[in-house]
Amino acid sequence: MEELPDPPDRFSVPPILHSCPTGSRLWRIYFGGGAYPTRWNAFRYVGPTSSRFDHHLPPKRVQARGILHATSGSDAVLTALGEVFQETRVIDRRRNEPWLAAIDLEAALQLLDTSGDWPVRAGGNMAINSGNRSKARAWSRAIYDSYPDAQGIWYPSSITNRDCATLYERAFGALSAAPVFNERLDSPKLLASLSQLADALNYDLL
């Protein structure tokens with residue numbers, strides 16, 4: 001795979017935006033415990049971490065920039081599981097108290113689309129979605145600084161090639177006041193579905 005180059009401080013090409021209309025449903029897995037305990041609609045204001053599109057300014061600290069990672073589409077839960085548990089390939093239903101949540105949008109979102117032509121037009125390539133994460137974070141910072149109307153990034157999962165959305169704190173007002181679904185992964189109600197999804201990913205399930 002071609003290496004992703006460093007981004008410019010500011011992009012000169014116009015953005016290509018993906019619109020998530022009002023009523024769109026996003027899914028996410030979040031953790032109630034661990035290093036960054038959070039809630040279903042909470043953005044993470046500590047960063048940058050190892051996540052691909054953290055737009056926080058280094059060094060790592062609490063700051064005004066916040067991030068929320070989600071998935072979309074008919075295979076959104078499969079993709080969320082694949083992304084969150086990719087390092088170990090083990091879906092641990094208890095460690096750090098993982099939850100599965102669905103959020104409907106109360107306002108449309110405009111997300112910079114890295115799934116098509118924009119990366120190459122901006123001087124990069126598709127490695128932004130699956131290559132070196134440190135480089136991708138630098139691109140996310142440049143995207144954030146260059147396009148004030150971009151509320152995040154729309155990109156294909158490097159695990160399933162399905163739709164993912166990284167939301168900047170600019171998107172907070174578009175999230176619903178309450179989740180459509182919010183359940184701990186160790187709930188007995190989810191066991192059968194999680195077993196099927198783990199098999200589809202060839203991940204282990206604990």
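The values are calculated or read from the model by the stated rules, or taken from the named source; none is laboratory data. Predicted model only: the values in this text are computed from it and were never measured. Cβ sites come from the backbone with ideal geometry, for glycine too, and all protein chains shown count toward neighbours. Quick note on the areas: whole protein, heavy atoms, side chains included, nothing else; ligands and nucleic acids left out. Shrake-Rupley method; radii C 1.70, N 1.55, O 1.52, S 1.80 Å.
Please enumerate the residues belonging to region 168-189 that are open to solvent by 70 Å² or more (accessible area, probe 1.4 Å), of a type in the set (Gly, Ala, Ser) and under 20 Å from GLU83 (Cβ atoms).
Scanning region 168-189 gives no hits.
Take region 1-34 and flag every residue that is open to solvent by 60 Å² or more (accessible area, probe 1.4 Å) and part of a loop (DSSP other than H, G, I, E, B).
Those that are open to solvent by 60 Å² or more (accessible area, probe 1.4 Å) and part of a loop (DSSP other than H, G, I, E, B): MET1, GLU2, GLU3, ASP6, ASP9, ARG10, SER12, PRO14, ILE16, PRO21, THR22.
With in contact with a Lys or Arg (Cβ under 6 Å, 6 or more places away or on another chain) and touching a residue at least 12 places away in the same chain (Cβ under 8 Å) as the only criterion, which of HIS69, HIS55 stands out?
When all the criteria are applied, what remains is HIS55.
Report yes if some residue within region 35-55 is open to solvent by less than 10 Å² (accessible area, probe 1.4 Å), at pLDDT below 95 and among the small types (Gly, Ala, Ser); otherwise report no. I'd like the intermediate steps shown before the answer.
Here is the first cut: in region 35-55, the ones open to solvent by less than 10 Å² (accessible area, probe 1.4 Å) are 47, 53-55.
From what is left, the residues that are at pLDDT below 95 are 47.
Among the residues that remain, those that are also among the small types (Gly, Ala, Ser) are: 47.
Checked region 35-55: at least one residue is open to solvent by less than 10 Å² (accessible area, probe 1.4 Å), at pLDDT below 95 and among the small types (Gly, Ala, Ser).
Every residue in region 159-206 that is under 20 Å from GLY66 (Cβ atoms) and of a type in the set (Asp, Glu), please. Write out each step before concluding.
Taking region 159-206 as the starting set, the residues that turn out to be under 20 Å from GLY66 (Cβ atoms) are 164-179, 182.
Hit for region 159-206 is GLU169, nothing else.
Looking at ALA192, ALA136, ALA127, ALA165, which one is under 24 Å from GLU87 (Cα atoms), surrounded by fewer than 21 Cβ atoms within 10 Å (Cβ to Cβ) and either touching a residue at least 60 places away in the same chain (Cβ under 8 Å) or among the polar types (S, T, N, Q) (or both)? Give the derivation first.
Numbers: ALA192 fails: either touching a residue at least 60 places away in the same chain (Cβ under 8 Å) or among the polar types (S, T, N, Q) (or both); ALA136 fails: surrounded by fewer than 21 Cβ atoms within 10 Å (Cβ to Cβ); ALA165 fails: surrounded by fewer than 21 Cβ atoms within 10 Å (Cβ to Cβ).
When all the criteria are applied, what remains is ALA127.
Could you please find all residues in region 38-49 being in contact (Cβ under 8 Å) with a residue 40 or more places away in the chain and under 24 Å from ALA102 (Cα atoms)? Write out each step before concluding.
Taking region 38-49 and keeping what is in contact (Cβ under 8 Å) with a residue 40 or more places away in the chain, we get 40-41, 43, 45, 48.
Scanning region 38-49 gives TRP40, ASN41, PHE43, TYR45.
Filter region 84-115 down to residues that are of a type in the set (Asp, Glu) and either without any contact (Cβ under 8 Å) to a residue 60 or more places away in the chain or surrounded by 21 or more Cβ atoms within 10 Å (Cβ to Cβ) (or both), then give me how many there are.
The qualifying residues number 1.
Give the residues of region 163-179 that are charged (D, E, K, R) and out of contact with any strand residue (DSSP E or B) (no Cβ under 7 Å at 6 or more places or on another chain), sorted by residue number.
ARG170
List the number of the failed condition for VAL62; all other conditions in (1) in a loop (DSSP other than H, G, I, E, B); (2) of a type in the set (Val, Ile, Thr); (3) over 15 Å from the mean Cα position of the chain (by Cα) hold.
Every condition holds for VAL62 apart from (1).
Inside region 89-206, counting only strands (runs of 3 or more DSSP E) that do not spill past its ends, which hold 1 or more residues that are more than 13 Å from the chain's Cα centre (by Cα) and of a type in the set (Gly, Ala, Ser)?
In region 89-206, the matching strands (runs of 3 or more DSSP E) lie at 98-104.
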